[in-house]
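The values are calculated or read from the model by the stated rules, or taken from the named source; none is laboratory data. Not measured: the values here are computed from a predicted model. Counting neighbours? That spans all protein chains shown, and the Cβs are built from the backbone with ideal geometry, glycine included.
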Amino acid sequence: MDHIANHPATADMQAADAAHHLHPFTDTAGINETGARIITSGKGVMLRDSEGAEILDAMAGLWCVNIGYGRNELADVASRQMRELPYYNTFFQTSHPPVIALAEKIAALTPGDLNRTFFSCGGSDANDTNIRLVRHYWASLGKPSKTHIIARQNGYHGSAMGSASLGGMAAMHAQGGLPIPGISHIAQPYWYAEGGELSPEEFGLQAARALADEIERLGEDNVAAFIAEPVQGAGGVIVPPSTYWPEIQRICDAHEILLIADEVITGFGRTGAWFGSETYGIRPDIMTIAKGLSSGYQPIGGSVLSEKVAAVFAEKAGEFNHGYTYSGHPVAAAVALENLRILDEEGIVDTVATDTGPYLAKRWAELGAHPLVGEARISGMMAALELSPDAAGRKPFEEGGVAGLICRDHCFASNLIMRHVGDKMIISPPLVISKAEIDIVIERAHKALDLTMADLKVQGLMR
Ligand code: PXG
């Protein structure tokens, strides 16, 4: 890998970072004490840090670098677009070539009649758009009481006021006065932890029927939409039982509410199809996209509307009083378009579906046999391990999150980026990961599990 070492010494950068940078989702006192690991370059699935270590990034950044690092085609497109038209807006009767081409491409790639995109800078603001959009949709149809949105416990939809309220993360709701009114959360389809004695199929139906109960409790005339991730990502790669989505779809069809599929993580190949909606048989009225749309090379996201929803905006809704300065940013749009060209022309999604995805599934299942692992689950190129002191009994640790943190630190120390969510270890590697690189992930993860188990035994947290 090319290595450009023209940066200050690591300790100097860490000191400046500690003095002047407030990190997202980070305990500031903690990072200021240890110092941030400073990432300086990337190629394929590998990152390099400021000390020259090469790290295998099995999280694709934050679930987003689908085509891998270092694709110069995207840099070239960005440079060209910046010279041609670095910025212009899409408010007030104007548009520009990159955003038009991108909207057309998204319409072609997305399933069903999802055909019209409202652009944002990422997933959080796209989901905030969705809140205003579904409420204005129903108001435009003469049903202004339909405002309530049903979401799920342990869902993740972003960090803005609206999107964090849609999310069902208790730790987020504990800060900053969330959730905003008009949103409620139903149970998640998390069989491993919450399924009890039910089979996964029985539990999937039960979890889905919580939606029907909540619609009944609120009154259908008051409900605008249901939002969910096809597979929960940040919640810990919760792959729903096979019965879950068909029943959710049936309930949405039986009631007059909109279905929003938040595909910020599952979109653009992550589950082995272009969209999780295809993998799980979902027909969304609105789809949230971001992350893999540009493989993270530029900040861009959007809300993709079905013909039914788009028609109301085209015919009845008047002016939608909503927009971001950077909605449909030309450089981000051009880069996203080039990313989609690469995903498409290089057959990357097909490779995940037919070759590397099945290979990862086979090797991941081997980790499932480790005595520290209660369950190994996977959907395409996103996967989780449940750490447990009693793997056969699906038992949680008494103090949650300790084992996961220890394991994460062992991974990090062996140059593997694998995230922990409580005691779930999760990966979501670049879709271009090779079989040889998958072998490295498995080997390092296995070693980290061994070391974690040894530590837990020394600390008396496991017998
Ligand atoms: N929806 C989903 C399903 C997401 O996963 C968002 C919306 C928000 O997108 P933006 O682009 O505003 O961040 C996300 C983001 C993690 C982690 O640690 C996950 C996300 C973001 C940051 C960290 O798992 N998901």
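Points worth noting:
- Any pair with Cβ under 8 angstrom, 6 or more apart, that starts in region 197-223 at a residue that is assigned by TED's automatic domain parsing to the domain that holds Arg250 and ends at one that is outside any helix (DSSP H, G or I) and acidic (Asp, Glu): Glu220/Glu256
- Residue satisfying condition, being among the charged types (D, E, K, R) and within 17 Å of Ser428 (Cα to Cα), within set Asp253, Asp262: Asp262
- In region 421-429, the condition of being among the basic types (Lys, Arg), within 16 Å of the ligand (Cβ to nearest atom) and farther than 18 Å from Arg48 by Cβ is met by at least one residue.
- Region 439-449, subset within 20 Å of Gly272 (Cβ to Cβ) and surrounded by fewer than 22 Cβ atoms within 10 Å (Cβ to Cβ), residue nearest to the ligand (Cβ to nearest atom): Ile442
- Residue match in region 315-323 (condition: more than 14 Å from Ala75 (Cα to Cα) and among the polar types (S, T, N, Q)): yes
- Within region 275-292, the set of residues being touching a residue at least 60 places away in the same chain (Cβ under 8 Å), out of contact with any Asp or Glu (no Cβ under 6 Å at 6 or more places or on another chain) and within 16 Å of the ligand (Cβ to nearest atom) comprises Ser277, Thr279, Pro284, Ile286, Ala290, Lys291, Gly292.
- Each residue in region 104-121 was checked for being surrounded by fewer than 22 Cβ atoms within 10 Å (Cβ to Cβ) and more than 17 Å from Glu319 (Cβ to Cβ), and 10 of them qualify.
- Candidate set from region 344-371 (those that are hydrophobic (A, V, I, L, M, F, W, C) and buried (at least 22 other Cβ atoms within 10 Å of the Cβ)); member that is nearest to Tyr88 (Cα to Cα): Val349
- Among the residues of region 135-151, those identified as surrounded by fewer than 24 Cβ atoms within 10 Å (Cβ to Cβ) and under 24 Å from Thr90 (Cα atoms) are Arg135, His136, Ser140.
- So Ala164, is it among the hydrophobic types (A, V, I, L, M, F, W, C) and over 21 Å from Ser306 (Cβ atoms): yes
- Residues of region 318-343 satisfying the condition of being among the aromatic types (Phe, Trp, Tyr) and buried (at least 18 other Cβ atoms within 10 Å of the Cβ): Tyr324, Tyr326
- The set of residues in region 293-349 being of a type in the set (D, E, K, R) and either under 20 Å from the mean Cα position of the chain (by Cα) or within 16 Å of the ligand (Cβ to nearest atom) (or both) is empty.
- Checking Ile257, Ile227, Ile265 one by one, the residue that is more than 14 Å from the ligand (Cβ to nearest atom), crowded, with 19+ Cβ neighbours inside 10 Å and assigned by TED's automatic domain parsing to the domain that holds Ile300 is Ile257 and no other.
Okay, residues lined up against (1) within 22 Å of Pro284 (Cβ to Cβ); (2) under 24 Å from the mean Cα position of the chain (by Cα); (3) aliphatic (A, V, I, L, M):
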{"site": "Ser165", "(1), (2), (3)": "yes, yes, no"}
{"site": "Ala174", "(1), (2), (3)": "no, yes, yes"}
{"site": "His185", "(1), (2), (3)": "yes, yes, no"}
{"site": "Gln188", "(1), (2), (3)": "yes, yes, no"}
{"site": "Ala193", "(1), (2), (3)": "no, yes, yes"}
{"site": "Ser199", "(1), (2), (3)": "no, no, no"}
{"site": "Gly219", "(1), (2), (3)": "no, no, no"}
{"site": "Gln232", "(1), (2), (3)": "yes, yes, no"}
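- Scanning region 232-247 for residues that are within 16 Å of the ligand (Cβ to nearest atom) and out of contact with any strand residue (DSSP E or B) (no Cβ under 6 Å at 6 or more places or on another chain) returns Gly233, Ala234, Gly235, Pro240, Trp245.
- Single residue of Leu211, Leu218, Leu198, Leu205 found to be touching a strand residue (DSSP E or B) at 6+ places or on another chain (Cβ under 9 Å) and surrounded by fewer than 22 Cβ atoms within 10 Å (Cβ to Cβ): Leu218
- Long-range neighbours under 8 Å by Cβ, at least six apart or interchain, first residue closer than 22 Å to Ile55 by Cα within region 21-42, second among the β-branched types (Val, Ile, Thr) and more than 16 Å from the ligand (Cβ to nearest atom): Gly35/Thr10; Ile38/Thr10; Ile39/Ile55; Thr40/Ile4; Ser41/Ile4
- Members of region 451-463 found to be surrounded by fewer than 23 Cβ atoms within 10 Å (Cβ to Cβ) and either touching a residue at least 12 places away in the same chain (Cβ under 8 Å) or not charged (D, E, K, R) (or both), listed by number: Leu451, Met453, Ala454, Asp455, Leu456, Val458, Gln459, Gly460, Leu461, Met462, Arg463
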